[in-house]
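S.K.: This is the structure, below, for whatever I ask next.
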């Protein structure tokens, strides 16, 4: 998916848009933003807007704004969002992609991410060596 064209990205984001209502009703943005910040897809200002804006009172509105911001981040935003869904909302990941969640390795951060969202650099080092990801 690297170096995808704008048309390719539009097709991928359309899959997310088709599930927007379901995503907005079920995702708690505060659960995803730390991971998305760690991936450097969101910055502090983005996170603050999503979580603290007085204009976004309902959780669904916050999630909708999160999706809007991620879409502006292109391929990186799409990949990070799917990874965050895979970690925290596996049923939604399957709904959007049609695939069972399997990855526990972040292609963006380059670290192993446990189910609780914590990074484990030592395990990552071993996985990188074992799988020739270097």
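The values are calculated or read from the model by the stated rules, or taken from the named source; none is laboratory data. Being a predicted model, the structure only gives us computed values, none of them experimental. Reconstructed Cβ throughout: ideal geometry from the backbone, glycine too, with neighbour counts over all protein chains shown.
S.K.: Name the pairs: first residue in segment 12-36 and in the same structural domain as residue 52 (by TED's automatic domain parsing) and surrounded by 15 or more Cβ atoms within 10 Å (Cβ to Cβ), second residue at pLDDT 95 or above and in a loop (DSSP other than H, G, I, E, B), Cβ to Cβ under 6 Å, at least 6 apart or on different chains?
M.R.: What qualifies is 36/42.
S.K.: When residue 116 is evaluated against the numbered criteria (1) within 28 Å of residue 8 (Cβ to Cβ); (2) at pLDDT below 90, which criterion, by number, is the only one it fails?
M.R.: It fails just one condition, (1).
S.K.: Which one of these does residue 91 not meet: (1) closer than 29 Å to residue 5 by Cβ; (2) free of Cβ contacts under 8 Å to residues at least 40 places away in the same chain?
M.R.: For residue 91, the failing item is (1).
S.K.: Condition check: at pLDDT below 95 and in contact with a helix residue (DSSP H, G or I) (Cβ under 8 Å, 6 or more places away or on another chain). Does residue 56 satisfy that?
M.R.: Yes; evaluated as a whole, the condition is true for this residue.
S.K.: Kindly provide the set of residues from segment 1-26 that are closer than 13 Å to residue 74 by Cα, assigned to a helix (DSSP H, G or I) and out of contact with any helix residue (DSSP H, G or I) (no Cβ under 7 Å at 6 or more places or on another chain), ordered by number.
M.R.: 6, 7, 8, 10, 11, 14
S.K.: Quick check on residue 76: is it over 23 Å from residue 25 (Cβ atoms), modelled with pLDDT of 90 or more, assigned by TED's automatic domain parsing to the domain that holds residue 16 and surrounded by 13 or more Cβ atoms within 10 Å (Cβ to Cβ)?
M.R.: Spelling it out, residue 76 is indeed over 23 Å from residue 25 (Cβ atoms), modelled with pLDDT of 90 or more, assigned by TED's automatic domain parsing to the domain that holds residue 16 and surrounded by 13 or more Cβ atoms within 10 Å (Cβ to Cβ).
S.K.: Moving to a separate point now. With the requirement that a residue be more than 14 Å from the chain's Cα centre (by Cα) and assigned to a loop (DSSP other than H, G, I, E, B), what does segment 27-81 give you?
M.R.: Of everything in segment 27-81, those that are more than 14 Å from the chain's Cα centre (by Cα) and assigned to a loop (DSSP other than H, G, I, E, B) turn out to be 53, 54, 55, 56, 57, 58.
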